[in-house]
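Colleague: Got a structure for you, questions after.
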Amino acid sequence: MSERFFERLGNVERTAWQAIHESPSWQRLKRGIDRDFYISLMTQVYHYTRFNAQNQALVAVGLTSERLPLLKYCLHHAYTEAGHDLMVLKDLESIGVSAASVRSSRPLPETEAFIGYLFRLKEQDATARLGYSYWAEGCYPYLEDFLVALRRDLKLAPSQLSFLVAHSVIDKAHLEEVKDILRETCGEAPELQEGVVHVLETSLHLMKNIYDAVHARNPQK
Ligand SMILES: [Fe+2]
Ligand SMILES: [Fe+2]
């Protein structure tokens, strides 16, 4: 049953990324990325990443030792995500953008919607948030065009791309942990699987809205 579930998650994930890749925002980024677009996009990434530990910890609050592996997973994962927003600040500082300006910027409405949605996941079973983790920890193969454009157009070195490069190494292990806990908690529970699939689809769509919003607000030069 788990294998069919993972197949379904993979299909939903691929379809959602396909929509992103076909969008004008992604096509533009692929053709050529400019500094303003990159700064604007990473500023949004900063704003939502800053709350990943918190929204993960919040779903742990509703759990007890009755579901000990899941409780431990949520607490541990919240801890390991703490501070990852600082990688974005460091990367932006390396191209001359002050951390203070990023911190004091206002998130776009689409980013606020994404942040708000992730906080509201506490209203669902704690397994539902795994739908977000599933694609977020495994997003790197889908970001290849973005990385190619950043190296080609902005001449960024790996040391300036810690959020996208060094982070991807940490997230390899995170993705395996997500799969393990999904197998353990949802493998035989179709109703929990539905929750995970729904969150994967919805959160990735909300992420697409962020790409589109950044594109719309940064006219191509
Ligand atoms: Fe992270
Ligand atoms: Fe992670």
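Taken together, the values in this text are just the output of simple stated rules run on the coordinates, not laboratory data. Since we're looking at a predicted model, the values are computed, not measured. All Cβ positions, glycine included, derive from the backbone under ideal geometry; neighbour counts span all protein chains shown.
Colleague: Report, by residue number, each residue of region 132-170 that is charged (D, E, K, R) and assigned to a helix (DSSP H, G or I).
Modeller: 137, 144, 145, 151, 152, 153
Colleague: Among the numbered conditions (1) within 16 Å of residue 150 (Cβ to Cβ); (2) surrounded by fewer than 20 Cβ atoms within 10 Å (Cβ to Cβ); (3) not aromatic (Phe, Trp, Tyr), tell me where residue 80 comes up short.
Modeller: (1)
Matching residues to (1) β-branched (Val, Ile, Thr); (2) within 21 Å of residue 164 (Cβ to Cβ); (3) in contact (Cβ under 8 Å) with a residue 60 or more places away in the chain; (4) more than 14 Å from ligand 1 (Cβ to nearest atom):
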{"position": "37", "(1), (2), (3), (4)": "no, yes, yes, yes"}
{"position": "40", "(1), (2), (3), (4)": "no, yes, yes, yes"}
{"position": "48", "(1), (2), (3), (4)": "no, yes, yes, no"}
{"position": "63", "(1), (2), (3), (4)": "no, no, yes, yes"}
{"position": "66", "(1), (2), (3), (4)": "no, no, no, yes"}
{"position": "74", "(1), (2), (3), (4)": "no, no, no, yes"}
{"position": "77", "(1), (2), (3), (4)": "no, yes, yes, no"}
{"position": "83", "(1), (2), (3), (4)": "no, yes, no, no"}
{"position": "87", "(1), (2), (3), (4)": "no, yes, yes, no"}
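Colleague: Let me ask something else about it. Which of the following residues is among the charged types (D, E, K, R) and within 16 Å of the chain's Cα centre (by Cα): 50, 103?
Modeller: One residue alone meets the criteria, 50.
Colleague: In region 76-85, is there at least one residue being of a type in the set (Val, Ile, Thr) and away from ligand 2 (no atom under 16 Å from the Cβ)?
Modeller: no
Colleague: Mind listing whichever residues of region 168-194 are within 12 Å of ligand 1 (Cβ to nearest atom), over 13 Å from residue 77 (Cβ atoms) and in contact with a helix residue (DSSP H, G or I) (Cβ under 6 Å, 6 or more places away or on another chain)?
Modeller: Listed by number, the list holds a single entry, 168.
Colleague: Out of 88, 102, 97, which single residue is farther than 18 Å from residue 174 by Cα, within 16 Å of ligand 2 (Cβ to nearest atom) and surrounded by 15 or more Cβ atoms within 10 Å (Cβ to Cβ)?
Modeller: So the residue among 88, 102, 97 that is farther than 18 Å from residue 174 by Cα, within 16 Å of ligand 2 (Cβ to nearest atom) and surrounded by 15 or more Cβ atoms within 10 Å (Cβ to Cβ) is 88.
Colleague: Moving on to the next point. Based on this model, can you work out whether residue 108 counts as touching a residue at least 60 places away in the same chain (Cβ under 8 Å) and either within 16 Å of ligand 2 (Cβ to nearest atom) or among the acidic types (Asp, Glu) (or both)? Walk me through it before giving the result.
Modeller: Values: touching a residue at least 60 places away in the same chain (Cβ under 8 Å): yes; either within 16 Å of ligand 2 (Cβ to nearest atom) or among the acidic types (Asp, Glu) (or both): no.
So residue 108 fails the test.
Colleague: Starting from region 202-217, keep only residues that are of a type in the set (Asp, Glu), then list their pairs with residues that are part of a helix (DSSP H, G or I) whose Cβ atoms are within a distance under 7 Å, requiring at least 6 positions of separation or different chains.
Modeller: Here the result reads 212/25, each pair linking region 202-217 to a residue that is part of a helix (DSSP H, G or I).
Colleague: Shifting gears a bit: So residue 114 clears everything in (1) touching a Leu at 6+ places or on another chain (Cβ under 6 Å); (2) part of a loop (DSSP other than H, G, I, E, B) except one condition, right? Which one?
Modeller: Tallying (1) touching a Leu at 6+ places or on another chain (Cβ under 6 Å); (2) part of a loop (DSSP other than H, G, I, E, B), residue 114 fails exactly one: (2).
Colleague: Name the pairs: first residue in region 120-148 and surrounded by fewer than 18 Cβ atoms within 10 Å (Cβ to Cβ), second residue polar (S, T, N, Q) and in a helix (DSSP H, G or I), Cβ to Cβ under 6 Å, at least 6 apart or on different chains?
Modeller: If the second residue must be polar (S, T, N, Q) and in a helix (DSSP H, G or I), the pairs left are 140/168.
Colleague: If I ask for residues that are within 16 Å of ligand 1 (Cβ to nearest atom) and of a type in the set (Ser, Thr, Tyr), which ones from region 195-221 would you list?
Modeller: Listed by number, the list holds a single entry, 203.
Colleague: Find the residue count for region 162-191, including only residues that are small (Gly, Ala, Ser), in contact (Cβ under 8 Å) with a residue 24 or more places away in the chain and within 12 Å of ligand 2 (Cβ to nearest atom).
Modeller: 2
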